[in-house]
Amino acid sequence: MPAAARSAGVPARDPSLPIRATISHPMSKAFTRETDNADDDDDGVPGLPPLPAGTRNYMTPQGYRRLREELMTLLDGERPKVVEAVSWAAKNGDRSENGDYLYGKKRLREIDRRIRFLTKRLDIAEVADPSVHHGNPQIFFGATVTYANAKGEERTITIKGIDEADNLHGEVSWISPIARALLKAREGDEVRLQTPGGVEVLEIVEVRYPQPSS
């Protein structure tokens with residue numbers, strides 16, 4: 001297992017965890033035509049940091065489900081509607097001055113980029129259920145951690161996958177500096193976090209995991 005994966009606290013073959021979660025979809029001819037001129041990159045989420053080389057794309061079951069639902073909605077719902085609208089607009093005069101046609105083509109490229117991004121990320125997804133660590137005081141992927149700095153100021157974060165972490169909800173990706181500093185530590189431990197202002201010592205106050213579903 002790559003070192004980055006070990007640091008995330010995700011066992012290589014823990015029997016209580018799903019081993020793999022992959023998804024792939026055949027591309028229709030229409031899909032291929034629309035993406036021929038699109039950049040073949042992961043621009044579905046601008047500014048998204050890359051995954052460490054050789055690692056899987058760890059995410060929680062909830063995060064995987066959300067991304068898969070979005071992909072299926074695009075493939076089975078929004079994309080066919082836009083293709084139909086573009087086909088209709090193409091029949092209405094000069095395409096170079098046809099606003100509906102130009103907008104539809106632009107939207108179709110955006111949808112195809114997002115589909116490509118989601119397909120790639122889900123194809124390398126490794127679903128890790130944090131509830132298997134319920135009651136464990138050690139920090140692994142999916143943990144909700146409360147820590148305090150030297151001034152006694154506390155903050156609570158949840159370590160999530162890179163594609164699902166939402167900073168506005170106190171979530172950080174497992175490859176973030178704070179997550180890397182906390183992973184594998186336990187309640188009561190002190191860890192060191194390198195910041196632009198120097199090294200900061202953090203004390204781990206509490207570690208929580210969701211309860212297993214019945």
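The values are calculated or read from the model by the stated rules, or taken from the named source; none is laboratory data. Treat the numbers as computed from the prediction; the structure is a model and nothing was measured. Cβ coordinates were reconstructed from backbone atoms using ideal geometry, including for glycine residues, and neighbour counts include every protein chain displayed.
So here's what we get for this one:
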| item | result |
| --- | --- |
| Subset of region 152-182 that is over 16 Å from Val201 (Cα atoms) and among the β-branched types (Val, Ile, Thr) - its residue that is farthest from the chain's Cα centre (by Cα) | Ile157 |
| Long-range neighbours under 7 Å by Cβ, at least six apart or interchain, first residue not assigned by TED's automatic domain parsing to the domain that holds Arg116 within region 76-97, second surrounded by 10 or more Cβ atoms within 10 Å (Cβ to Cβ) and modelled with pLDDT under 80 | none |
| Given (1) at pLDDT 95 or above; (2) of a type outside the set (Gly, Ala, Ser); (3) surrounded by 18 or more Cβ atoms within 10 Å (Cβ to Cβ); (4) part of a helix (DSSP H, G or I), number of the condition Leu122 does not satisfy | (1) |
| Flag for Leu71 being surrounded by 15 or more Cβ atoms within 10 Å (Cβ to Cβ), of a type in the set (A, V, I, L, M, F, W, C) and either part of a helix (DSSP H, G or I) or touching a residue at least 60 places away in the same chain (Cβ under 8 Å) (or both) | yes |
